[in-house]
Amino acid sequence: MRHQAIVGATATGKSRLALELAERLGAEIVSADALQAYRGLDIGTAKPSAADRARAPHHLLDILEPTETYSAGEFARRARRAIREIEARGRPAIVAGGSGLYLRALFSGISALPRIDPGVRRELRRRHRAEGLETLRRELAAADPATESRLAPGDTQRVLRALEVVRGTGTPLSEWLEKSPRGEPGVEALTIGLTVPRAILYDRAAVRVGRMIEAGWVQEVAQLLGRGVDPAAPAFQAIGYRQIARHVMGKGSLEEALHETVRATRRYAKRQETWFSKEPGVHWIQARDPDVALAEALHLLARRGTRSVHG
């Protein structure tokens, strides 16, 4: 059975296209968004609404507490299991998201990472508390620029993990992933990439942040903090959440938080574009107009022998 993947930068319309294709193909959607997996992070991650989930089944949403960690390997294991279950129901899967390494782990397989001396991990966490993330990030940029360039701002978990690998093995994480034997075989899928002119993409990102604020994003962050979620928890690596958390805790204005969120979102979108442009086998579609993107995607699937349940 042929599965599909919808990839691309944030705000290109991946979720909308995946949902419309799922309805036409009788498919189920597997989220490849590293942050939509967290319960309580709904508005700022653009998590599919209850109405969207009623239109097509979704998987790997709301599966973790904000304090739990998530990795490419764990995502790939969960996604493979979800896809096997979808196949058993006689339906195709559509994997949709912008977490590049997660998608690579699922579709290409990923190397099993080396065991690291726990002392290295403890020392890096001590330094993170004492020196802050930016110091460690600069260190990673010098030791493993390929990995540092793809990480979102504030991604403490993955900055520390990458430094653990290079400190514990003497080999950068990017080199380890390229040269080490792969783990489980990857899942086969037709991959559709969505692209939008950068100026339009940046405008969409700014509009999107504004709409999230109107939808209650500040209140959502305040509720998470009120529940006792530590601002340093893995879920708060999400762009916008840490900025708004600082505002909620009285460490900056909302205007400052929004300005930094828009800047960080634009930088992240640029890194996503760079990542996916280097991935092999992606069929690119111009997604400026969502209806045109849908028509092109359906045409591509028809050429590849994928049939709609509606004709």
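The values are calculated or read from the model by the stated rules, or taken from the named source; none is laboratory data. Small disclaimer: the values here were computed from a predicted structure and weren't measured. When we count neighbours, we look across all protein chains shown, and the Cβ atoms used for this are built from the backbone with ideal geometry, even at glycine. Quick note on the areas: whole protein, heavy atoms, side chains included, nothing else; ligands and nucleic acids left out. Shrake-Rupley method; radii C 1.70, N 1.55, O 1.52, S 1.80 Å.
The string of couplings for the range 131-138 from the Karplus curve (6.51, -1.76, 1.60, θ = phi - 60°) is 10, x, 5, 4, 4, 5, 5, 4 Hz, one whole number per residue in order, with x for Gly and Pro.
Among 23-33, 165-175, how do they line up from the highest to the lowest mean number of other beta-carbon atoms within 10 Å? Mind dumping the intermediate values first?
On the way: 23-33: 22.5, 165-175: 17.6.
Ranked by mean Cβ neighbours within 10 Å, highest first: 23-33, 165-175.
For the range 26-40, backbone phi angles converted through the Karplus equation (6.51, -1.76, 1.60; θ = phi - 60°) give residue-by-residue couplings of x, 9, 10, 9, 10, 6, 10, 9, 5, 10, 5, 5, 8, 5, x Hz, Gly and Pro being listed as x. Using θ = phi - 60° in the Karplus curve 6.51 cos²θ - 1.76 cosθ + 1.60, the 3J(HN,Hα) couplings for the range 157-162 round to 4, 7, 4, 5, 5, 5 Hz; x is entered for Gly and Pro.
Cβ neighbours within 10 Å, averaged per peptide: list 70-83, 120-133, 252-265 in order, most packed at the top. Don't jump to the answer; show the numbers that get you there.
On the way: 70-83: 19.2, 120-133: 13.1, 252-265: 17.5.
Packing order, densest peptide first, comes out as 70-83, 252-265, 120-133.
Computed over protein heavy atoms with a 1.4 Å probe, the carbon and sulfur contribution to the accessible area of the chain reaches 51%.
Taking amide hydrogens as placed 1.01 Å from N in the peptide plane, the amide H of LEU190 sits under 5 Å from those of HIS3, GLN4, ALA5, each at least 5 positions away in sequence or on another chain. The calculated P(r) of the chain, using every Cα pair and 20 Å bins from 0, goes 32, 60, 9, 0 in percent.
With both residues required to sit in the chain, DSSP beta bridges show an antiparallel share near 5%.
Step through the table entries LYS14/LYS251; LYS14/LYS278; LYS47/LYS251, compare each Cα-Cα distance with 24 Å, and write down the pairs that go over it.
Working: LYS14/LYS251 34 Å; LYS14/LYS278 19 Å; LYS47/LYS251 27 Å.
Exceeds cut-off: LYS14/LYS251; LYS47/LYS251.
According to the square roots a ≥ b ≥ c of the eigenvalues of the Cα gyration tensor, what is the shape class of the range 17-96, taking rounded for a/c under 1.5, prolate for a/b larger than b/c otherwise, and oblate for the remainder? Here the range 17-96 falls in the oblate category.
Where does the range 158-244 land on the Kirkwood hydrodynamic radius, alpha-carbon pairs, in angstrom? Working shown, then result.
Working: mean 1/r = 0.0579 Å⁻¹.
Evaluated over the range 158-244, this radius sits at 17.3 Å.
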